[in-house]
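**Student:** Sharing a structure with you now.
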Amino acid sequence: MSQLTILCVDPKTNWTAPLDGLVEEPACQVLERETLAAAQEIIAHRDIDCLVTEYELPDGTGLELISHVREVAPDTGVIICTDADRELIAAEANDHVVEFVKKDSAQSETRIAQLTRTTAAQRSQTAYPLPATERERLTALEAYNLNAQVFLPVIQRITDLAAVHFDVTQSSVNIITEQTQEFLACHGENWEATPREQSLCTYTILSEGVTVIEDTRADSHFGDSELLQEFDIRFYAGATLTTKEGYPIGTVCIYDDTPREFTDEDEAYLELLAAEVMDWLTVLRQRQNGAEMQATRPADNSDDGGR
């Protein structure tokens with residue numbers, strides 16, 4: 001296993017004791033900093049597998065640091081260890097997935113060591129971030145008949161409509177499986193399935209609504225992507241396909257070969273197309289469930305001759 005790097009940011013606490021077990025392992029390195037600025041300097045020059053931070057820092061807050069990390073390295077695990085009020089932190093977290101440990105609890109040091117090890121190890125096993133509900137998401141995905149012949153032509157029309165409406169060179173409707181990005185319909189290119197770690201959409205499904213990258217080459221995460229350069233993608237916008245239970249299963253995307261702006265009205269229209277795709281998927285699922293129930297219903301073999 002490659003070396004794990006854990007960054008601990010706290011102006012008061014020495015993390016050597018709670019992380020002794022990790023420090024002793026040759027596959028783990030623990031870095032300690034006291035301020036938000038010093039932590040950002042570390043993050044700018046090296047990859048971090050896990051961030052452990054106090055909420056109150058001399059030059060800001062732990063949540064500000066987490067927001068910065070999410071912008072430059074969205075798959076980094078984050079843990080807040082603090083005496084600050086948990087509800088306050090949750091209200092300010094802006095949907096960031098954050099592990100919370102109460103610093104003054106009797107088991108705080110043990111808990112920090114366990115969470116740090118687990119968070120860093122899980123991150124090291126994948127090159128891309130996973131939704132918090134990944135297992136449930138994959139189960140929900142299995143319920144949809146994505147190969148239905150009545151469905152695919154409709155999705156192709158929606159894909160073509162997206163390209164025409166936004167005047168872009170390429171568009172697609174995609175499904176994110178456990179390890180790949182599958183293209184249900186494409187406009188402008190006939191793409192084959194790609195590994196999930198190379199997919200823009202695997203990041204899009206981490207949040208609701210629309211993800212926009214106005215210039216991929218200026219983006220901190222995708223600027224060096226050889227795949228995007230091969231496909232000549234400079235602009236990207238993707239709207240998440242979300243089931244009624246709230247699980248993200250894919251995207252409706254548009255791409256262009258030049259950078260461009262994307263307005264609120266544009267986002268609203270792309271979300272409308274994504275909702276249309278989900279409506280069709282839901283109808284097909286209900287039809288399939290009804291057919292399965294009919295097939296399993298016991299036949300009525302009663303003798304009606306006396307009526």
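**Student:** Among the residues in segment 213-222, are any part of a strand (DSSP E or B), without any contact (Cβ under 8 Å) to a residue 60 or more places away in the chain, closer than 25 Å to residue 72 by Cβ and hydrophobic (A, V, I, L, M, F, W, C)?
**Tutor:** Step one: filter segment 213-222 for residues part of a strand (DSSP E or B), giving 213.
Those still in the list that are without any contact (Cβ under 8 Å) to a residue 60 or more places away in the chain too: 213.
Those left that are additionally closer than 25 Å to residue 72 by Cβ: 213.
If we keep only those that are hydrophobic (A, V, I, L, M, F, W, C) as well, we get 213.
Checked against the condition, which is being part of a strand (DSSP E or B), without any contact (Cβ under 8 Å) to a residue 60 or more places away in the chain, closer than 25 Å to residue 72 by Cβ and hydrophobic (A, V, I, L, M, F, W, C), segment 213-222 yields at least one hit.
**Student:** Right, another one. Condition check: within 19 Å of residue 276 (Cα to Cα) and buried (at least 18 other Cβ atoms within 10 Å of the Cβ). Does residue 163 satisfy that? Quick ask: steps written out before the conclusion?
**Tutor:** Values: within 19 Å of residue 276 (Cα to Cα): yes; buried (at least 18 other Cβ atoms within 10 Å of the Cβ): yes.
For residue 163, the condition - within 19 Å of residue 276 (Cα to Cα) and buried (at least 18 other Cβ atoms within 10 Å of the Cβ) - is met.
**Student:** Between 266, 300, 304, 256, which is more than 28 Å from residue 195 (Cα to Cα) and at pLDDT 95 or above? Walk me through how you get there before you give the answer.
**Tutor:** Numbers: 300 fails: at pLDDT 95 or above; 304 fails: at pLDDT 95 or above; 256 fails: more than 28 Å from residue 195 (Cα to Cα).
Only one candidate passes the filter, namely 266.
Okay, residues lined up against (1) among the hydroxyl-bearing types (Ser, Thr, Tyr); (2) more than 16 Å from residue 280 (Cα to Cα); (3) under 17 Å from the mean Cα position of the chain (by Cα):
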position: 157; (1), (2), (3): no, no, no
position: 163; (1), (2), (3): no, yes, no
position: 169; (1), (2), (3): yes, yes, no
position: 188; (1), (2), (3): no, yes, no
position: 231; (1), (2), (3): no, yes, no
position: 243; (1), (2), (3): yes, no, yes
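**Student:** Taking residue 188 as the residue in question, decide whether it is at positive phi, modelled with pLDDT under 90 and in the same structural domain as residue 283 (by TED's automatic domain parsing).
**Tutor:** Values: at positive phi: yes; modelled with pLDDT under 90: no; in the same structural domain as residue 283 (by TED's automatic domain parsing): yes.
When the stated conditions are applied, residue 188 does not pass them.
**Student:** Within segment 263-277, restricting attention to residues that are free of Cβ contacts under 8 Å to residues at least 60 places away in the same chain and surrounded by fewer than 17 Cβ atoms within 10 Å (Cβ to Cβ), which residue is nearest to residue 247 (Cα to Cα)?
**Tutor:** Filtering segment 263-277 for residues free of Cβ contacts under 8 Å to residues at least 60 places away in the same chain gives 263-265, 267-268, 272, 274-275.
Checking which are surrounded by fewer than 17 Cβ atoms within 10 Å (Cβ to Cβ) leaves us with 263-265, 267-268, 272, 275.
On the way: 263: 26, 264: 24, 265: 24, 267: 20, 268: 20, 272: 17, 275: 13 Å.
The qualifying residue nearest to residue 247 (Cα to Cα) is 275.
Every residue, every condition in (1) at pLDDT below 85; (2) assigned by TED's automatic domain parsing to the domain that holds residue 201; (3) in a helix (DSSP H, G or I), yes or no:
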{"residue": "66", "(1), (2), (3)": "no, no, yes"}
{"residue": "70", "(1), (2), (3)": "yes, no, yes"}
{"residue": "87", "(1), (2), (3)": "yes, no, yes"}
{"residue": "90", "(1), (2), (3)": "yes, no, yes"}
{"residue": "94", "(1), (2), (3)": "yes, no, no"}
{"residue": "97", "(1), (2), (3)": "yes, no, no"}
{"residue": "104", "(1), (2), (3)": "yes, no, no"}
{"residue": "119", "(1), (2), (3)": "yes, no, yes"}
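**Student:** Something else now. So which of 204, 243, 177, 216 ends up being modelled with pLDDT of 90 or more, among the hydroxyl-bearing types (Ser, Thr, Tyr), under 24 Å from residue 140 (Cβ atoms) and touching a helix residue (DSSP H, G or I) at 6+ places or on another chain (Cβ under 6 Å)? Full working, then the answer.
**Tutor:** Working: 204 fails: touching a helix residue (DSSP H, G or I) at 6+ places or on another chain (Cβ under 6 Å); 177 fails: touching a helix residue (DSSP H, G or I) at 6+ places or on another chain (Cβ under 6 Å); 216 fails: under 24 Å from residue 140 (Cβ atoms).
It is 243.
**Student:** Residue 146 is checked against (1) closer than 19 Å to residue 72 by Cα; (2) in contact (Cβ under 8 Å) with a residue 24 or more places away in the chain and fails just one. What number does that condition carry?
**Tutor:** (1)
**Student:** Please pick out the residue among 226, 178, 197 that is outside the structural domain of residue 71 (by TED's automatic domain parsing), more than 18 Å from residue 271 (Cβ to Cβ), surrounded by fewer than 19 Cβ atoms within 10 Å (Cβ to Cβ) and in contact with a Phe, Trp or Tyr (Cβ under 7 Å, 6 or more places away or on another chain). Steps first, answer last, please.
**Tutor:** Values: 226 fails: in contact with a Phe, Trp or Tyr (Cβ under 7 Å, 6 or more places away or on another chain); 178 fails: in contact with a Phe, Trp or Tyr (Cβ under 7 Å, 6 or more places away or on another chain).
Among 226, 178, 197, only 197 is outside the structural domain of residue 71 (by TED's automatic domain parsing), more than 18 Å from residue 271 (Cβ to Cβ), surrounded by fewer than 19 Cβ atoms within 10 Å (Cβ to Cβ) and in contact with a Phe, Trp or Tyr (Cβ under 7 Å, 6 or more places away or on another chain).
**Student:** Go through segment 49-90 and give me each residue that's closer than 19 Å to residue 113 by Cβ, over 21 Å from the mean Cα position of the chain (by Cα) and of a type in the set (S, T, N, Q).
**Tutor:** Going through segment 49-90, the residues closer than 19 Å to residue 113 by Cβ turn out to be 49-54, 62, 76-83.
Imposing the further condition that a residue be over 21 Å from the mean Cα position of the chain (by Cα) reduces the set to 53-54, 62, 81-83.
Across segment 49-90, the qualifying residues are 53, 82.
**Student:** Look at segment 223-240 and say how many of its residues are part of a strand (DSSP E or B) and either among the polar types (S, T, N, Q) or under 23 Å from residue 139 (Cβ atoms) (or both). Write out each step before concluding.
**Tutor:** At the first step, the residues of segment 223-240 found to be part of a strand (DSSP E or B) are 235-240.
Narrowing the set further to residues that are either among the polar types (S, T, N, Q) or under 23 Å from residue 139 (Cβ atoms) (or both) leaves 238-240.
Within segment 223-240, residues that are part of a strand (DSSP E or B) and either among the polar types (S, T, N, Q) or under 23 Å from residue 139 (Cβ atoms) (or both) number 3.
**Student:** Name the residues in segment 61-86 that are hydroxyl-bearing (Ser, Thr, Tyr) and touching a helix residue (DSSP H, G or I) at 6+ places or on another chain (Cβ under 8 Å), would you?
**Tutor:** Keep residues of segment 61-86 that are hydroxyl-bearing (Ser, Thr, Tyr), which gives 61, 67, 76, 82.
Residues satisfying the conditions are 61, 76, 82.
The values are calculated or read from the model by the stated rules, or taken from the named source; none is laboratory data. Keep in mind the model is a prediction, meaning the values are calculated, not measured. Here the Cβ is made from the backbone with ideal geometry for all residues, glycine too, and neighbour counts use every protein chain on show.
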